[in-house]
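What follows is calculated from the coordinates using simple rules that are stated; it is not laboratory data. Since the structure is predicted, the reported quantities are computational estimates derived from the model, not experimental observations. In this analysis, Cβ positions are derived from the backbone assuming ideal geometry, glycine residues included, and neighbour counts consider all displayed protein chains.
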Ligand SMILES: [Zn+2]
C-alpha cells in the first residue's frame, strides 16, 4: 500500500462499497437526524469542527461507537480531514452492522471551504485527557470544564489553607488563580504548606507556589501578587474574580476581605484553623439570605484572645483538610452544582475526628450586612487597629 498506484486503486475500490455524499448534503441529513461523526484526532478537531458533529477519533471508533449510538439503523455520516480516513471509518461501521453510513467527500477542508457552519471544539486533546475523570461526571462534563477554564479565583494567602486549595483548583482546571501573599517561605511552614519546598526557603511564597502550580498544570494562568492586603489595594486586587478563598492568618485582613466581598458581590469561602480544629463556611453576598463574615464575628477580638498559628500551633494536616474543603466549595460555586455552605458553619475536630454543623443566620443588626452596615475600608482598618492594639 506504499505504492501510490495501489493506494489509489484501493481507495477507488473502497468508494464502490462506501457511499459518499457532499458536505452540503451531509448538513441536510444532519438536520434530518443523521449523526455526523468527526473521526479526526483530538488535536485536529481543536481547531474547529462541523457544528453539531460528535468528535470520535478514528482510533477509538470501533471501541466507542456502540456506547455513543447503539441503534444500528440510525443514519451515520463520517468526516475526516480530506475524505479518506472517513471512508475507512465508514467501512468499519458497516462491518459492525450499521446499515446507513455515508462518508463526507472532501472532509472538513471542503466543509469549511463551502462556508458550512463550524464550531470551535470546547476541549483540545490535552484537556480531554487531563480532565478525563471529572469530564465523566454528568455534573461537570465539557460544559462544566469550560466554565472552570473561564473562571478566576483569588486566594488570599499562599500558606496553610491557600496551598492545598490552590493545588487542587489548578489541577481541576480553574483558568486563572491569583495568589496574594507578601511572606517568604520559612522552614517552619513546610509541615503544612506543601505547595512549597525545602530548596525554596527564603523565596517569596507566591513565586514558590506558582512554580508548583505551573508544574502541576501548565494550562492554568497563575498571577503572583506579592502584597499585603490593605485598605488601599484590596478592591483592585480582588475585583474581576469569581470567588475568593480566605486563607488569611490575621483579623485585619479577614475584616477587609469581608468588606470587599460585600462591596464587590464576591462569594467568600471562609476557613480557619487552630491547633487540632478548623472551621468552614461560605458567605455569598449575591444571595439575600446569606450571612456575612461579621454575622459570625461582628467585631475583631483583642489580639491576646486571637492567637494565630505561629503562637498556638497547628497540626499540619488540619489546614490541608480545611483548605481542600474550601477548594471543594469553590468548585461547586463555579460549576453551579450541589448545596454550598451558605448559612452553615462546619467545625472540624481532628482529635475526635468529628465534623459538626451549626446553622448560621443572617443577623439584621450585623455591622457588615445589616441596615446600619458600613463597609468603608478605612473604617475597617481603624477598627482592626483598635482591636489588635489592646
Ligand atoms: Zn452580616
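Label separation (residue 312 vs residue 372): 2.9 nm, computed from points 7 Å beyond Cα along the C-beta direction.
If I fit a long axis through the Cα atoms of helix 85-95 and take the longest principal axis of the Cα atoms of the chain, what angle between them do I get, 0 to 90°, rounded to 10? Approximately 80 degrees, to the nearest ten. Bridge orientation summary for the chain: considering DSSP beta bridges with both residues in this region, about 40 percent are antiparallel.
With respect to the chain, whose longest principal axis is taken over its alpha-carbon atoms, helix 162-172 is tilted by about 10°.
With neighbours defined as other Cβ atoms within 10 Å of a residue's Cβ, the residues 283, 276 order from fewest to most as 276, 283. Between the Cα long axis of helix 205-216 and the first principal axis of the chain there is an angle of about 20°, rounded to the nearest 10.
Among 171-180, 312-321, 151-160, the peptide with the highest mean count of other Cβ atoms within 10 Å heads the list, and the full ranking is 151-160, 171-180, 312-321. Distance between the C-alpha centres of the range 221-267 and the range 329-355: 20 Å, rounded to the whole angstrom. Going by neighbour counts of Cβ atoms within 10 Å, the residues 57, 82, 374 line up, fewest first, as 374, 82, 57. Subtracting the Cα-Cα distance of residue 276 and residue 24 from their residue separation scaled by 0.36 nm leaves 84.1 nm. Helical runs assigned H by DSSP (4 residues or longer) give the chain a calculated mean residue ellipticity at 222 nm of -11000 deg cm²/dmol, each run adding -39500 (n - 2.57) before division by the residue total. Ordering 191, 102 by the number of other Cβ atoms within 10 Å of each residue's own Cβ, fewest first, gives 191, 102.
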